[in-house]
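Everything below concerns the one structure shown next.
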Amino acid sequence: MLRDNRALAGDGDRHGGVVLRLQTSVVRAAAYVTMPPLRLQGDGMFDDAYESSVNELGGVPSEAALFEFLKRLIERYGLQHAVYHAISLPAVQQTNPVTILTYPAQWVERYVEQNYFSVDPVIGAAATSLLPVDWAELDRRGPGAKQVFDEAAEFGIGPHGLSFPIRGVSGERALFTITSGVADAEWAKLKRAYLRDFHFLSHLVHERVLGFVRSESTILRSLSSRERQCLCWAAMGKTNKEIARELDISERVVRAYFESARFKLNCTNRAHLISRAFNLRLIDPEIASGRTAVYAEAV
């Protein structure tokens, strides 16, 4: 159902959610489709939802905005929850680098604490399949599998779900999941339309995430080592005078580095600059003249 390392947000209600983020690196993103692709219209079910979602995705600027988009997406399609989980991305050292989901925070915490990803049959099936995984067809008799689904139901997840494995041209792997709590008969009517639409929508979401990764990584590479050193010291509360002394440069040069970094990160002031640098994981305590520094990570 999900696989993650740390939760950064979530209020636990139906539209509470979690955005999980670790350091990223350069990933080549394929060209993004900005117009709704041709698709069989069928009986017209969800045509407006599909077109609106595809058009809106083209303008989603960030992971935080993508989380808000997922909330609107499940409203349009009458779903309970939606999850995007990047399992691996090229050139990113961490596993599970990005997870964006609308699950209650309490369920995410429970899932992680119990290490449910090791027994979740959704994860196992998606790892070996190129086709969508229907939760109804999963074997829940394995150790812990039934417990995962039973507890998920207690948090308002399921019983119905579809998970779409994503295999990228650059070797990236991801999983997009939707869940529903409608009656079995209603689910049988809706499932075909969900399979049709989310087979493509899941890949569009994935392409947006690749774009975010590429954009943030470009920012990381654009900052000079001196600019990053200044940011690191400032994050630890150092003044311009103290930073100048640590780096053996003048205060005027320190101010110039901050102004350059502020311009590159499109920030309005010093506080905004430090906050954005933390959020982008640009500040590394090991940078400051090779000395180890300890700081409280801003979330």
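The values are calculated or read from the model by the stated rules, or taken from the named source; none is laboratory data. Just so we're clear, the structure is a prediction, and the values are computed from it rather than from any experiment. Don't worry about glycine lacking a Cβ; one is built from the backbone with ideal geometry, like all the others, and counts go over all protein chains shown.
Just give me the residues in segment 97-133 being surrounded by 16 or more Cβ atoms within 10 Å (Cβ to Cβ) and in a loop (DSSP other than H, G, I, E, B), in sequence order.
Those that are surrounded by 16 or more Cβ atoms within 10 Å (Cβ to Cβ) and in a loop (DSSP other than H, G, I, E, B): P97, T102, Y103, P104, V119, D120, P132.
Does A136 satisfy the criteria of being in a helix (DSSP H, G or I), in contact with a strand residue (DSSP E or B) (Cβ under 8 Å, 6 or more places away or on another chain), of a type in the set (A, V, I, L, M) and assigned by TED's automatic domain parsing to the domain that holds S88? It would help to see each step written out before you state the result.
Numbers: in a helix (DSSP H, G or I): yes; in contact with a strand residue (DSSP E or B) (Cβ under 8 Å, 6 or more places away or on another chain): yes; of a type in the set (A, V, I, L, M): yes; assigned by TED's automatic domain parsing to the domain that holds S88: yes.
Criteria met by A136.
Return the only residue of R291, R252 being modelled with pLDDT under 85 and more than 30 Å from the chain's Cα centre (by Cα). Spell out how you get there, then give the answer.
Numbers: R252 fails: modelled with pLDDT under 85.
So the residue among R291, R252 that is modelled with pLDDT under 85 and more than 30 Å from the chain's Cα centre (by Cα) is R291.
Counting only residues that are modelled with pLDDT under 80 and under 20 Å from V205 (Cβ atoms), which one in segment 83-93 is surrounded by the most Cβ atoms within 10 Å (Cβ to Cβ)? Before the answer, list the steps.
First, pick out the residues of segment 83-93 that are modelled with pLDDT under 80: 89-93.
If we keep only those that are under 20 Å from V205 (Cβ atoms) as well, we get 89-90, 92.
Working: L89: 26, P90: 15, V92: 20.
The residue in question is L89.
Out of L210, L195, L201, L190, which single residue is closer than 15 Å to G158 by Cα and assigned by TED's automatic domain parsing to the domain that holds E56?
Values: L210 fails: closer than 15 Å to G158 by Cα; L195 fails: closer than 15 Å to G158 by Cα; L201 fails: closer than 15 Å to G158 by Cα.
The match here is L190.
When you check R196 against the structure, is it at pLDDT 90 or above, over 25 Å from the mean Cα position of the chain (by Cα) and not aliphatic (A, V, I, L, M), yes or no? Spell out the reasoning first.
Values: at pLDDT 90 or above: yes; over 25 Å from the mean Cα position of the chain (by Cα): no; not aliphatic (A, V, I, L, M): yes.
Against the criterion (at pLDDT 90 or above, over 25 Å from the mean Cα position of the chain (by Cα) and not aliphatic (A, V, I, L, M)), R196 does not qualify.
May I ask you to say which residue of I157, I166 is among the β-branched types (V, I, T), in a strand (DSSP E or B) and touching a residue at least 40 places away in the same chain (Cβ under 8 Å)? Steps first, please.
Details: I157 fails: in a strand (DSSP E or B).
After applying the criteria, what remains is I166.
Looking only at segment 39-72, which residues are closer than 24 Å to A188 by Cβ and modelled with pLDDT of 85 or more?
The initial filter retains those residues of segment 39-72 that are closer than 24 Å to A188 by Cβ, namely 39-50, 53.
Across segment 39-72, the qualifying residues are M45, F46, D47, D48, A49, Y50, S53.
Looking at this structure, is E242 acidic (D, E) and either out of contact with any Ser or Thr (no Cβ under 7 Å at 6 or more places or on another chain) or at positive phi (or both)? Can you show your working first?
On the way: acidic (D, E): yes; either out of contact with any Ser or Thr (no Cβ under 7 Å at 6 or more places or on another chain) or at positive phi (or both): yes.
So E242 fits the description; yes.
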